[in-house]
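Novice: Before I ask anything, let me first share the structure, which is written out below as structure tokens.
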């Protein structure tokens, strides 16, 4: 069996297994109404900032004197994943969503020209926030955005207003069988082990990330995986993604540090987690309860990219959460 077939077969097994386990219930009984922001997508500005010789693309909307929300995207996407959330929050908040190098509309230097690591991404996003003048902010942490954002929070806890965690991991319990071939690459960085992961960079795998575990596949726009795949298919981008897969192995050793940050600083935290996600499964959501006291917790009946199916609900949960937890003078 070739490497691509191996990974795609694993995805198929996960899809069938998880579909048999679906349970249509929430972790709580609240049911907020949809967001009522009067801002539309045309008011979201598309900007570029120069950092260390790289063009860093970002989307920005909302009053600059309002409380800041920094949206950090996951793999294999970009700030495009926040295209609907940005205007949904912008009547009350200053909302910013950057693309990392190698993703979206930001520069894509080769692996020889740029250090594709989570440490480097966090350094760059830290510089980004400083150049924007963001003294404090809430962070939306999803997928790759979690280890980037948790690095920022642990380094500068005084800058963090709140955490908004959506399928972003900080506990060993959250890395299950999906991660087995990636863990093998961490242990032995061979060409063969890297090739085993290339199946995760195909259109089939990208579409699967968006459609697996959703309630209604017809509600998910194919623009999502087609846009992401076009960017993944750029020359040299697969090597970037393999570098990031490998460097994800630097994150689990930092989990105790991040958990200590939670316990010491107790940032107000909102969790909205798609429970049908085999990449960052529900098992990774519950351990946050051990360390965070001011925690609002919602398990949603959707998949990895929860904003695609439950974006209006998540926007309202964020608005309600921030209204309760941010200083009225922010």
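The values are calculated or read from the model by the stated rules, or taken from the named source; none is laboratory data. Computed from a predicted structure; not experimentally measured. With ideal geometry, Cβ positions are generated from the backbone for all residues, glycine too; neighbour counts draw on all protein chains shown.
Novice: Would you be able to tell me the number of residues in region 180-203 that are without any contact (Cβ under 8 Å) to a residue 12 or more places away in the chain and surrounded by 15 or more Cβ atoms within 10 Å (Cβ to Cβ)?
Specialist: Counting residues in region 180-203 that are without any contact (Cβ under 8 Å) to a residue 12 or more places away in the chain and surrounded by 15 or more Cβ atoms within 10 Å (Cβ to Cβ) gives 0.
Novice: Has region 122-131 got at least one residue that is over 18 Å from residue 267 (Cα atoms) and buried (at least 22 other Cβ atoms within 10 Å of the Cβ)? First the steps, then the outcome.
Specialist: Looking only at region 122-131, we keep the residues that are over 18 Å from residue 267 (Cα atoms), and these are 122-131.
Checking which are buried (at least 22 other Cβ atoms within 10 Å of the Cβ) leaves us with 125.
Yes, that holds for at least one residue.
Novice: Could you tell me whether any residue of region 132-151 is surrounded by fewer than 24 Cβ atoms within 10 Å (Cβ to Cβ), touching a helix residue (DSSP H, G or I) at 6+ places or on another chain (Cβ under 7 Å) and more than 28 Å from residue 294 (Cβ to Cβ)?
Specialist: No, region 132-151 contains no residue that is surrounded by fewer than 24 Cβ atoms within 10 Å (Cβ to Cβ), touching a helix residue (DSSP H, G or I) at 6+ places or on another chain (Cβ under 7 Å) and more than 28 Å from residue 294 (Cβ to Cβ).
Novice: Any residue that is surrounded by fewer than 21 Cβ atoms within 10 Å (Cβ to Cβ), more than 14 Å from the chain's Cα centre (by Cα), touching a residue at least 60 places away in the same chain (Cβ under 8 Å) and not in a helix (DSSP H, G or I) - is there at least one of those in region 167-178?
Specialist: yes
Novice: Of all residues being within 13 Å of the chain's Cα centre (by Cα) and outside any loop (DSSP other than H, G, I, E, B) in region 268-307, which is nearest to residue 137 (Cα to Cα)? Just the residue, please.
Specialist: Checking each candidate, the answer is 271.
Novice: Of these, 89, 72, 54, which one is in contact with a helix residue (DSSP H, G or I) (Cβ under 9 Å, 6 or more places away or on another chain), in contact (Cβ under 8 Å) with a residue 40 or more places away in the chain and closer than 21 Å to residue 262 by Cα?
Specialist: 72
Novice: Can you find even one residue in region 102-110 that is at pLDDT 95 or above, surrounded by fewer than 16 Cβ atoms within 10 Å (Cβ to Cβ) and under 18 Å from residue 270 (Cβ atoms)?
Specialist: If we filter region 102-110 for residues that are at pLDDT 95 or above, which is where we start, we get 102-110.
This time we only want the ones that are surrounded by fewer than 16 Cβ atoms within 10 Å (Cβ to Cβ), so: 110.
If we keep only those that are under 18 Å from residue 270 (Cβ atoms) too, we end up with none.
Among the residues of region 102-110, not one is at pLDDT 95 or above, surrounded by fewer than 16 Cβ atoms within 10 Å (Cβ to Cβ) and under 18 Å from residue 270 (Cβ atoms), which makes the answer no.
Novice: Residue 64 is checked against (1) under 15 Å from residue 244 (Cα atoms); (2) part of a loop (DSSP other than H, G, I, E, B); (3) touching a strand residue (DSSP E or B) at 6+ places or on another chain (Cβ under 9 Å) and fails just one. What number does that condition carry?
Specialist: Only one criterion is unmet by residue 64, namely (1).
Novice: What residue, of 272, 206, is closer than 25 Å to residue 317 by Cβ and crowded, with 20+ Cβ neighbours inside 10 Å?
Specialist: Values: 206 fails: closer than 25 Å to residue 317 by Cβ.
Checking each option against the conditions leaves just 272.
Novice: Continuing with this model, one more query. Within the bounds of region 108-126, is there any residue that is part of a helix (DSSP H, G or I), over 30 Å from residue 324 (Cα atoms) and without any contact (Cβ under 8 Å) to a residue 12 or more places away in the chain?
Specialist: Yes.
Novice: Additional query: Within region 240-257, is there a residue that is assigned to a loop (DSSP other than H, G, I, E, B), over 16 Å from the mean Cα position of the chain (by Cα) and surrounded by fewer than 18 Cβ atoms within 10 Å (Cβ to Cβ)? Please lay out each step first, then the result.
Specialist: Here is the first cut: in region 240-257, the residues assigned to a loop (DSSP other than H, G, I, E, B) are 251.
If we keep only those that are over 16 Å from the mean Cα position of the chain (by Cα) as well, we get none.
Checked region 240-257: no residue is assigned to a loop (DSSP other than H, G, I, E, B), over 16 Å from the mean Cα position of the chain (by Cα) and surrounded by fewer than 18 Cβ atoms within 10 Å (Cβ to Cβ).
Novice: Can you say whether residue 117 is farther than 22 Å from residue 240 by Cα and touching a helix residue (DSSP H, G or I) at 6+ places or on another chain (Cβ under 6 Å), as far as the supplied structure shows? Spell out the reasoning first.
Specialist: On the way: farther than 22 Å from residue 240 by Cα: no; touching a helix residue (DSSP H, G or I) at 6+ places or on another chain (Cβ under 6 Å): yes.
So residue 117 does not fit the description; no.
Novice: If you go through region 72-99 one residue at a time, how many are more than 12 Å from the chain's Cα centre (by Cα), in a loop (DSSP other than H, G, I, E, B) and under 22 Å from residue 305 (Cβ atoms)?
Specialist: 4
Novice: Every residue in region 209-225 that is surrounded by fewer than 17 Cβ atoms within 10 Å (Cβ to Cβ), part of a helix (DSSP H, G or I), in contact with a helix residue (DSSP H, G or I) (Cβ under 8 Å, 6 or more places away or on another chain) and without any contact (Cβ under 8 Å) to a residue 40 or more places away in the chain, please.
Specialist: 217
Novice: While we're on this one: Can you tell me which of (1) closer than 20 Å to residue 81 by Cβ; (2) in a helix (DSSP H, G or I); (3) touching a strand residue (DSSP E or B) at 6+ places or on another chain (Cβ under 6 Å) is the one residue 140 doesn't meet?
Specialist: Status for residue 140: all satisfied but (2).
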